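Undergrad: Here it is, the structure, as structure tokens.
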Amino acid sequence: MSVPTTLQPFPTPPSPADGALPAADLVDHYGRRIRYLRLSVTDRCDFRCTYCMAEDMTFLPRGDILSLEECLRVVRAFVALGVDKVRLTGGEPLVRRDILWLIERASSLPGVRELVLTTNGSQLGKLAQQVRDAGVRRINVSIDSLRPERFRAITRTGSLDKVLAGIDAAIAAGFERIKLNTVMLRGVNDDEFEDLVDFAIGRGIDISFIEEMPLGDTDHARIDTFMTQDEVLPRLQARYGLTATSENSGGPARYWRVPGQATRVGFISPHSHNFCDSCNRVRVTATGDLYPCLGQNDMLPLLPVLRDTAAGLAAEDADTALLDAIRRSMGIKPHGHDFDMRKPTPAVVRFMSMTGG
């Protein structure tokens, strides 16, 4: 792969007048300032989690996917517009060839306060230290069961032993924070939540429980497996004496502390405790589609801007076109999502793996 060795920063915008928002900042119609980009670097994954994708997935041709150079241009543009937190997602981001190249350059961009990663953990056993050395400070690992056969059933192809070894490798690599992500599934893994918290406590790491979201037409009835924070939190409070905290990682999770332990227990609850009013993020898919809201279908395609302008304009003009396109996306960011598990069809037809987990 041919990659550039140097990249010039986007022009610094003029300073705003006293009391005004910075000229570069992305602010939507509802006054929410966008500081957080979730960028999917691939639609491919070595797992086939039942709530995330179909068993027989058709993945996109390489030419339809953002190159790593284009991924870096997208990150640079958002950083120039005031974004200071970037999360790399997939699919599974660590199956993307040369991903360390992108991590190293994105993490070193002036203005990036935090570069973080969400992974299924399958590649961490061999890559955790390299990912940390490249500049990732925090890492989220998705794990929905500690029972090998159940884990295999949920992921269809995954090896629990490999993921557990990956988590241990991440701990050894010295990430500032490691968090487990568990999707709550009634009748599937709802008898393991305490075991998962015990696992996190034993390793001094965090865990977040996530309400299932109606994204993509999967092969199970979500209304049957759906669980809310209000069902699970009282169980965990009774067991661990959880205390509420105002700590925030810059995303949608709300945290409770386990007294006397380093572990925080979080919940991401788009149904029962909607967090849209404080939404500070947008997503860019592996195909370059900018989704201002995970739970809506409105999007703005950036790939034509990246490729057409790069071919026909001077570099400065091409950068300006990209910045303008991102600013325009604020006009389609809705006030909130429209999740309703009772509907027979999903709120969003694309799979979670397409948008970025």
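Undergrad: Just order 190-203, 94-107, 75-88 by mean Cβ neighbour count inside 10 Å, highest at the front, would you? Present the calculation step by step, with values, prior to reporting the outcome.
TA: Working: 190-203: 16.6, 94-107: 19.4, 75-88: 22.9.
Per-residue Cβ counts within 10 Å, averaged per peptide and sorted highest first, yield 75-88, 94-107, 190-203.
Undergrad: Distances over 34 Å make up what percent of all Cα-Cα pairs in the stretch 26-355? Write down the numbers at each step before the final one.
TA: Values: 10560 of 54285 pairs.
So the pairs more than 34 Å apart make up 19 percent of the total in the stretch 26-355.
Undergrad: What order do you get for 120-131, 276-287, 233-244 when each peptide is scored by the mean count of other beta carbon atoms within 10 Å, highest first?
TA: Working: 120-131: 21.2, 276-287: 19.6, 233-244: 14.4.
So the peptides 120-131, 276-287, 233-244, ranked by packing, come out 120-131, 276-287, 233-244.
Undergrad: What residues qualify as long-range amide H neighbours of Thr263, i.e. H under 5 Å apart, gap of 5 or more or another chain, H built at 1.01 Å from N?
TA: Val258
Undergrad: Further question on the same structure: Put a dot 7 Å past each Cα toward the Cβ at Leu313 and Asp191; how far apart are the dots in nm?
TA: That separation, rounded to one decimal, is 5.9 nm.
Undergrad: Give me a comma-separated list of calculated 3J(HN,Hα) values for the stretch 246-263, in order, Karplus coefficients 6.51, -1.76, 1.60 applied at θ = phi - 60°, integers in Hz, x for any Gly or Pro.
TA: 8, 4, 9, 9, x, x, x, 5, 10, 10, 10, 8, 8, x, x, 10, 7, 6
Undergrad: On full extension of the chain, what length is gained from Glu149 through Arg113, given 0.36 nm per residue of separation minus the C-alpha to C-alpha distance?
TA: Numbers: separation 36, 0.36 × 36 = 12.96 nm, distance 3.96 nm.
Gain in length upon complete extension: 9.0 nm.
Undergrad: Taking θ as phi - 60°, what are the ³J(HN,Hα) couplings along the stretch 281-287 by the Karplus curve (6.51, -1.76, 1.60), each to the nearest whole Hz, with x for Gly and Pro?
TA: So the Karplus estimates, Gly and Pro as x, are 9, 9, 10, 10, 7, 5, 8 Hz.
Undergrad: Arranged from highest to lowest average of other beta-carbon atoms within 10 Å per residue, in what order do the peptides 164-173, 295-304, 53-62, 35-44 appear? Write down the numbers at each step before the final one.
TA: Working: 164-173: 18.6, 295-304: 16.3, 53-62: 11.8, 35-44: 23.0.
Output ranking for 164-173, 295-304, 53-62, 35-44: 35-44, 164-173, 295-304, 53-62.
Each value in this text was obtained by applying a stated rule to the coordinates, not by laboratory testing. Since we're looking at a predicted model, the values are computed, not measured. With ideal geometry, Cβ positions are generated from the backbone for all residues, glycine too; neighbour counts draw on all protein chains shown.
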